[in-house]
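Worksheet: one structure, shown below.
FYI, it's all coordinate maths here, none of it is from the lab. Keep in mind it's a predicted model, so treat the numbers as computed, not measured. Neighbour counts run over all protein chains shown; Cβ positions are idealised from the backbone, glycine included.
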Amino acid sequence: MPEAYVSMWKLRVPVPGASDEGDGVLMHGWCGKILHIDLTTRSVRVEQPPVETLARWIGGKGLAGTYLRPHITRDWSDPLMPLILMTGPLVNTPSPTSGRMCIASRSPLTGTIGDTSVGGTLGTQLKKAGWDGIVISGRSADWCGIVIDDDTCNIVEAPDMKGMTTDRVANHLKTRGSTLCIGPAAENGVRFSCISIDGHYLAGRNGLGLVCAAKNLKYMTITGSGRTSVKDPEELKLAREDIFRLVAASPILFGELGITNYGTGALYDLMDTRHMMPTDNFRKTWFDAAGTMNPYAYKKRYGTSRTGCRGCHILCKKQTGDGRAIPEFETMSHFSALLHNEDLETVIEANRLCNQLGMDTISAAATLACYSEITGEKVTGDRVLDLLNAIGSGSSEGALLKEGSAHYAAAKGQPEASISVKGQELAAYDPRGAYGMALAYATSTRGACHLRAYPIGHEILRKPVATDRFSFSGKARIIKISEDMNAVVDSLTACKFVFLSASLEEYARAYTAVTGEPSSAQDLLAAGERIYYHDRIMNALNGFDAGADDLPMRFFTEPGTGGAGFEVPPLNRAEFLDARAKYYRIRGLDASGLPTRETADRLELEWNG
Amino acid sequence: MEGMIRKYADKLVKVGLCEPDAPLIGFLDADVVWNRPDPLTVELQKVFDSIIINSLLFALPTEPYRTMIRYLSRSGETAIYPKDCETRTFLHDLPIAGSPDAATIVAALKRRKTLIIPEHGIITFGTVSPEQAFIFYSSVCFSVFVKFFSDYLLQLKQGTLTDEFRQAFRDVRRYVPERIHQPPARLAVGPFTQENRVIEAIIEAGAKTVEYELVDSFFGNISYRMGDTIYISQTSSSLDELGGCIDPCPLDGSSCAGVTASSELKAHRETYLQTGAGSIIHGHPKFSVIMSMDCDEPDCEQRGECHRRCPRTRYIDGVPIVPGEVGTGPFGLCNTLPAAMVGHPGVIVYGHGVFAPGKVDFTDAFDTLLGIETGCRDTYFRMVGE
Ligand SMILES: [Zn+2]
């Protein structure tokens, strides 16, 4: 490699509690060390947060929020805006599906808090290297990389890597550890550019790749060799068995037709039969070619094999025989139905291209669908790939499309053609077919997001029990509880899929076994409530209120596509607003959706609203 | 949601788990709604205020559950540890506490889905719907029943029965009906060649299975094979309410639309392929579950692992008992059940329930299910000296 090592630190830090009592270590689960890197001054600093702080925020999303809060009103491109990588206490332990981590900053796409849970091996390597997280601020004068090898940190010049696609970066670096990088899309200012992990896993949503680019940070590699201390390995083994047993009992996860066998694409046929597959930019909810674009079609044509995150046995990722990724459900759906594309190869190639350029597939496909609606041009086949390339390079039509569908549609004078909330495009579940999903898209603190509350669990997948998908009854509290739950899952940092069968009851057992901190399902849920409310406080500081917690008007005025014996009517606006008002009450917000001092005090959150 | 809480309150009474007016169910969205007024709601409101849930169910069960709970919690036990599959998979254990005050309830429900308060009732909750609370309640009753009868048989064999247990057993025995039921009038006659007929037949068979108390919490699953399609009840569906809850699953897997199908789809599918059966009913009849866990090999090297690996093939009245956990994991019953279905009238899965195949409709499958349970019940009472 031609790179010059410009800065290098050996960060010998006393391991918390090396002095100890009894078992040799005072801190279990957490490393007790956060690495702060300033790319402007090329300096580093090690912080050792007390266990009380770690236990209060758990890790991942929760802990990331505490580093984001002081800077949240800065512009995302301000050098002082931190880019935060945070693991959780369960990472690098035998706790199931716990190899994930959270990447957070302020979202360039939405202006809200931006955070995304990502898999692969980065979280595990970070923990192995002895760090709970890394907070990166400042801006390098030229493109650079960060190389972390256990307690050594280097900042490396990397001007020659500018323009490199994510797959080439991963190959170029040849690390035995894990890589994080951005592609050309982020370098060229794509608002929905992502961060790529290990060449295959994406911190996809919210445009966080752009924050990396604003720091001139092209890549990181992290290699670790340490172990994470587990307080009670025997108890963790029992918790693990409880979780495995529940996963095995889950048809959606482990069943013949479930995620283990078909990837998240397993949802595709179901969305089709429920008539909630967003089609033609959400103008229809049923795609006539779905039967030939389903996971079975991929399996037959490409003979798929499975792979997945470190520390997971569900292995939700699928590959073709020649090693290309089979798209995730959202991508599979949006690059087929949303664009009315009937060619499998186009979907696979669009997915590959987005990953290599480094941009979010959901926003990319939805932005093309918005373009198609506004221009009246059919965007299928090679035209899809051409436009994606244009976006990734910011050239021709891409110059405007790279700003996302909301900017694009507004610039074209047709804002209603952008199917987005707070500027982020909706995922592949039409809200007219699942009213909890409608409310969840609106209340999500990072713009339209299906994962914050994932009501598809009960509205479609019948887990833990089925609810009436065409009703708002009871949904306000269900959404609030699910948001709390997923906030804590993203803090632990575990995989949300597993919670379609296991629950915080089993994970509380794992958490306590790992950390030694007493906990229960409800204690964790209470931490989740605090973490989620913290999001709301940060968003309010940037002016987000009820006006932003809303859906595109199309869903209230146009019906979806009905099926045999059922209609998919437009959402009832009054009912939606009533459910949202209830949500605000339940969440402890005021009628405008703004946080209150009273709730902040109850949740022991700092108040500067 | 008012409709939901009334529905589950009525259902608890209808299936004999509660006396009329015993169930107290609250649902909280923005405000709490109760199915009826009760002084206890003051204390339960505090529970709603203290933990993050949306449904609460509190009810005193009927006999014989009350007596069983009294006995099982006799000397200040803090939990009951039944060994059946339901408890193992979903409830883990059944905590017990002394008084129905908010602090006690909150402390228990923070970590578990249920709390037994002897002489007062069973309390359960939901975070999505009152149906969860209902399911947990019904599961507790089932697990308590299985635990009580299993313990009695075991201690009788070991010669460790106390007078107290004998008395409790006599008290309980009075409430267990003499014979389950007479065989039913015939169900719809197959073969069924149209989808709507298949679905009607499945709905009918499901309702009968619940009516005859051959399943707990109304789970279990039912399927029918028509040509190259398996019609199967969905996951988390109540067998007495299968309308709209049946998934058609192509045998060749060409659609994943059945991803909501029962967790036992694979076991059903393999059974169809290996046995040529045309229908399958899977229920959780109590005495079949109890008898499946009765094993006379205290020194077996797999003791404690019986639900996952049993080194011997055991039979009750010619019906094999196989190990296997719910679903499709490495120890899943999909690995053990289908082969055992070949050449046998039905199969009992250890600590879990019965799978009964039929030829062209559900009549023979139902008779088999009922027959196995009746046989297990008779065997049990013969073994305890009746
Ligand atoms: Zn079963």
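Around A:Ala366, what is the net charge, scoring Lys/Arg as +1 and Asp/Glu as -1 over all other residues with Cβ under 11 Å from its Cβ?
Summing Lys and Arg as +1 and Asp and Glu as -1 gives -4.
How do A:101-107, A:268-274 rank on mean C-beta neighbours within 10 Å, highest first?
For the peptides A:101-107, A:268-274, the packing ranking is A:101-107, A:268-274.
Would you mind pulling out the separation of the Cα centroids of segment A:58-125 and segment B:1-57, in Å?
40 Å
Dividing the Cα radius of gyration by the Kirkwood radius, what Rg/Rh value follows for chain B?
Across chain B, the Cα-based Rg/Rh ratio is 0.97.
Please give every one of the lysines within straight-line cross-link reach of B:Lys359, meaning a C-alpha to C-alpha distance under 22 Å, and leave out same-chain neighbours fewer than 8 residues apart.
B:Lys208, B:Lys266
In percent, how large is the relative contact order of segment B:195-384, given Cα pairs closer than 8 Å and 6 or more residues apart? Write out the running numbers ahead of the final one.
On the way: 372 pairs, mean separation 41.7, N = 190.
After rounding, I find 22 percent.
Take every Cα pair under 8 Å in segment A:152-219 that's 6+ residues apart, average their separations, divide by the length, and report that relative contact order as a whole percent.
So the answer I get is 28 percent.
For segment B:2-173, what number of Lys pairs, 8 or more residues apart or on separate chains, have alpha-carbon atoms under 20 Å from each other?
Final tally of qualifying lysine pairs is 8.
Report, as an integer, the average count of C-beta atoms from other chains found within 10 Å of each Cβ along A:456-465.
Mean number of neighbouring Cβ atoms from other chains: 5.
Please sort A:285-291, B:28-34, B:198-204, B:322-328 by packing, taking for each peptide the average over its residues of neighbouring beta carbons within 10 angstrom, highest first. Before the final figure, lay out each step's value.
On the way: A:285-291: 19.4, B:28-34: 15.7, B:198-204: 21.1, B:322-328: 25.6.
Ranking, from highest mean packing down: B:322-328, B:198-204, A:285-291, B:28-34.
Shielding of A:261-272 by partners, i.e. mean partner chain Cβ atoms within 10 Å per residue?
On the way: counts 4, 3, 1, 0, 1, 4, 3, 4, 6, 7, 1, 3.
Mean partner-chain Cβ count within 10 Å for A:261-272: 3.
Could you sort the peptides A:585-595, A:448-458, B:87-97 by per-residue average Cβ neighbour count (10 Å cutoff), highest mean leading?
A:448-458, B:87-97, A:585-595
Could you tally the net charge around A:Lys284, taking each other residue with its Cβ under 14 Å from the Cβ of A:Lys284, Lys/Arg +1 and Asp/Glu -1?
So the environment of A:Lys284 carries a net charge of -3.
In whole Å and largest first, what semi-axes does the C-alpha gyration tensor of chain A yield when each eigenvalue is scaled by 5 and square-rooted? Display every interim value, and only then the final one.
Working: eigenvalues 236, 157, 116 Å².
Equivalent-ellipsoid dimensions as semi-axes: 34, 28, 24 Å.
Straight-line reach from A:Lys10: which aspartates and glutamates fall under 20 Å, measuring Cα to Cα and dropping same-chain residues less than 8 apart?
A:Asp38, A:Glu47, A:Asp132, A:Asp149, A:Asp150, A:Asp151, A:Glu157
Which residue, B:Phe381, B:Pro37, B:Ile117, has the largest displacement toward the positive end of the dipole of chain B when charges sit on each Cβ (Lys, Arg +1; Asp, Glu -1)?
Of the listed residues, the answer is B:Phe381.
Note down the magnitude of the dipole of chain B about its Cα centre, charges +1 on Lys and Arg C-beta and -1 on Asp and Glu C-beta and zero elsewhere, to the nearest 20 debye.
Details: 37 positive and 49 negative charges, 109 e Å.
With only Lys, Arg, Asp and Glu charged at Cβ, the dipole is about 520 debye.
Taking the Cβ-Cβ separation of A:Met553 and A:Glu47 as r and a Förster radius of 56 Å, what is the calculated FRET efficiency to the nearest 0.05?
The value I calculate is 0.75.
Using only Cα atoms, locate the centre of segment A:244-267 and the centre of segment A:348-406, then give the distance between them in Å, rounded to an integer.
Segment A:244-267 and segment A:348-406 have Cα centres spaced 31 Å from each other.
Counting Lys and Arg as +1 and Asp and Glu as -1, each charge on the Cβ, what is the dipole of segment A:5-223 about the Cα centre in debye, to the nearest 20? Before the final figure, lay out each step's value.
Working: 22 positive and 19 negative charges, 88 e Å.
Charge dipole, segment A:5-223, about its Cα centre: 420 debye, nearest 20.
Taking the Cα centre of segment A:250-430 as the origin, how large is its charge dipole in debye, to the nearest 20, when only Lys and Arg (+1) and Asp and Glu (-1) carry charge on their Cβ atoms?
540 debye
Can you find, among B:Tyr315, B:Tyr81, A:Gly265, the residue sitting farthest towards the positive end of the charge dipole of the protein assembly as shown, where Lys and Arg contribute +1 and Asp and Glu -1 at Cβ?
In the protein assembly as shown, that residue is A:Gly265.
Would you list which lysines come within 25 Å of A:Lys378, measuring only between C-alpha atoms, while excluding same-chain residues fewer than 8 positions from it?
Within the straight-line limit of under 25 Å, A:Lys378 reaches these lysines: A:Lys284, A:Lys402, A:Lys412.
How many Cβ atoms of partner chains, on average, are near each residue of B:327-339 if near means within 10 Å of its Cβ? Before the final figure, lay out the partial values.
Values: counts 12, 12, 9, 3, 3, 4, 1, 3, 0, 0, 0, 0, 0.
Mean partner shielding for this stretch: 4.
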